[in-house]
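*Asks:* Provided herewith is a single structure, encoded as structure tokens, for subsequent inquiry.
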Amino acid sequence: MHQGKYVFAQITEFLPRRVFDGIVQKYNGNKHTRTFTCWNRMLCMVFGQLTNRDSLRDLIVALDAHKAKSYHLGLGSGVNLPTLARANIRRNYRICEEFAYHLIDYARRVCACNDFEIKVDGNIYAFDSTTIDLCLNLFWWAEFRKAKGGVKMHTLFDVKTQIPSFVYITTASVIDVNAMDFIPYERGSYYIFDRGYNDFERLFRIQRLEAYFVLRARNNLQFNRMYSNKVEKEAGVKCDQIGTFTNQKSYDRYPEKLRRIKYYDSETNVEFVFLTNNLELSAFEIAILYKNRWQVELFFKWIKQHLKVKSFWGHTPNAVKTQLYCAIITYCLVAIVRKELKIDRSTYEILQIPGISLLDKTSVKELLTNTDYKNVNELNCKQLSLNLF
């Protein structure tokens, strides 16, 4: 794999070129294109993510400084600012979107693990959204408030694999709960929601699809207890009840029985009330499932700190969505490299090390592999000591 290639070229070899070319052909992405193809554009965007470029001009300056290496990096014969700007405006963002979903599927297969703290048959997903603030004068289409713009990234996060399985990008004015209509629900899987998603009609849809939900209930919940299960008080479970909604509107939207669990978390000194349609897991296991909802919050925090999703390289909706999906592509690429090369480092470390080494010709595995400095052969060699006095 190495053979004198640049680190960036070695990393991007993990991207399936044939799949990308098929998507480009589907959307006729290379129409009226001479040299700067969609593949070159996507690699430029990934390069900008890995090197943490602040602006489109900053990215072009970095690429132009190494213009002689562009062909060997997979970026074509070179790129200038107007060409990349026009490409982000005109070329359909769905090319990067579909490719991101292909990488998501691949990364989830590669990163699959069975060491979750509780044993459940289906997948476990945490769903939430994050708002990215925008300047309304520049991003006129992203109306949010009177003098503020923004976009929302609604994300379904696979807790077991630590990979986002579904990303839906809207303007910030879209209510979070409306994004539940676009979630690709799977039979037998678990979906974890915060209290902002108390829409009983949409939750009943999950019930009809034979999937499970765990939801933090609101304080004004009106619930009619039918019977109670035994509780583990030493584990923090205060009550475990089966019943239906008392409010007629709520009952019309969710006419079947469901489960209400009250749990006290001694670490945070907070009492939680959960609603779920799963009647088999213990109440403590339901509490553990909800505790893992925090994984999607950590994902949002991570990409905002380490990838370029807060400052954008274009002002149109197409450019913004292209950059966000390229950030997801970069995240999945790092996860795939980590698993395929069996690197014992965190995702953060793997992202930081290539960021300053993309133009080196070192082997990626050698660059990313941890060195055990306590187990170096030179330390055990019998070397004569040199006495100067």
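Read the figures in this text as sums done on the coordinates, not as results from a lab. Here the structure is a predicted model, which means the values were calculated and not measured. Methodologically, a virtual Cβ is constructed for each residue, glycine included, from the backbone with ideal geometry; neighbour enumeration extends over all protein chains shown.
*Asks:* Assuming R0 = 51 Å, what is the FRET efficiency of Lys238 and His72, from their Cβ-Cβ distance, to the nearest 0.05? Show your work: numbers first, answer last.
*Replies:* On the way: r = 63 Å, r/R0 = 1.24.
According to the calculation, E is roughly 0.20.
*Asks:* Something else: Bin by bin, in steps of 10 Å, what percent of the Cα pairs in the chain do you find, going until the bin that has the longest distance?
*Replies:* 4, 20, 26, 21, 15, 9, 4, 1, 0, 0
*Asks:* Oh, and also: For the pair Glu13 and Lys304, how long in nm is the line joining their label points, each one 7 Å along Cα→Cβ?
*Replies:* Using points 7 Å along Cα→Cβ, the separation is 3.7 nm.
*Asks:* Need the full-extension length gain, Arg208 to Asn52, defined as separation in residues times 0.36 nm minus the C-alpha distance. One decimal, nm.
*Replies:* Contour length minus the Cα-Cα distance gives 51.7 nm.
*Asks:* Can you tell me which of Tyr191, Tyr101, Tyr263 moves the most in a GNM of the chain? Springs connect C-alpha atoms under 10 Å apart.
*Replies:* Tyr263
*Asks:* Still on this structure, please answer the following. Could you state the number of Å between the C-alpha centres of the stretch 185-244 and the stretch 1-75?
*Replies:* 46 Å
*Asks:* Can you pull the one-decimal nm distance between simple spin-label points at Lys257 and Ser173, each 7 Å off the Cα toward Cβ?
*Replies:* The modelled label-to-label distance comes out at 4.5 nm.
*Asks:* Same structure again: From the backbone phi of the stretch 21-32, what are the Karplus-calculated ³J(HN,Hα) couplings (6.51 cos²θ - 1.76 cosθ + 1.60, θ = phi - 60°) in whole Hz, Gly and Pro given as x?
*Replies:* So the J values, rounded to whole Hz, are 4, x, 5, 4, 5, 4, 9, 6, x, 8, 5, 6.
*Asks:* Which residues' amide hydrogens lie under 5 Å from the amide hydrogen of Phe213, considering only partners 5 or more residues apart or on another chain, with H built in the peptide plane?
*Replies:* Close amide H contacts, sequence-distant or interchain: Tyr191, Asn277, Asn278.
*Asks:* Is the C-alpha gyration tensor of the stretch 84-159 telling us rounded, prolate or oblate? Criteria: a/c under 1.5 is rounded; beyond that, a/b larger than b/c is prolate, otherwise oblate.
*Replies:* Oblate is the answer for the stretch 84-159, as a/c is 1.5 or above yet b/c matches or exceeds a/b.
*Asks:* Moving to a separate point now. Work out how much length Gln248 to Glu285 would gain on full extension: take 0.36 nm times their residue separation and subtract the Cα-Cα distance, in nm to one decimal. List each step's numbers first, then the result.
*Replies:* Values: separation 37, 0.36 × 37 = 13.32 nm, distance 3.02 nm.
Fully extending the segment from Gln248 to Glu285 adds 10.3 nm.
*Asks:* Which of the three applies to the stretch 283-359, rounded, prolate or oblate, going by the alpha-carbon gyration tensor with a ≥ b ≥ c and a/c under 1.5 meaning rounded?
*Replies:* oblate
*Asks:* Hand me the trypsin sites (Lys or Arg not before Pro) from the stretch 1-103 located in a DSSP loop with no more than 10 other Cβ atoms within 10 Å, in residue order please.
*Replies:* Lys31, Arg34
*Asks:* Among the GluC sites (Glu not before Pro) within the stretch 80-162, which fall in a DSSP loop and have no more than 16 other Cβ atoms within 10 Å of their own Cβ?
*Replies:* On the way: sites: Glu97, Glu98, Glu117, Glu143; in loops: Glu117.
Within the stretch 80-162, the qualifying GluC sites (Glu not before Pro) (loop, at most 16 other Cβ atoms within 10 Å) are Glu117.
*Asks:* From the Cα gyration tensor of the stretch 75-227, with a ≥ b ≥ c the square roots of its eigenvalues, which class applies: rounded if a/c is under 1.5, or else prolate if a/b is larger than b/c, or else oblate? It would help to have the intermediate numbers written out before the result.
*Replies:* On the way: a/c = 2.97, a/b = 1.45, b/c = 2.05.
Because a/c hits 1.5 or more and a/b fails to exceed b/c, the stretch 75-227 counts as oblate.
*Asks:* Rounded to the nearest Å, what's the spacing between the alpha carbon centres of the stretch 153-169 and the stretch 298-334? Just the number, please.
*Replies:* Computed from Cα coordinates, the inter-centre distance equals 14 Å.
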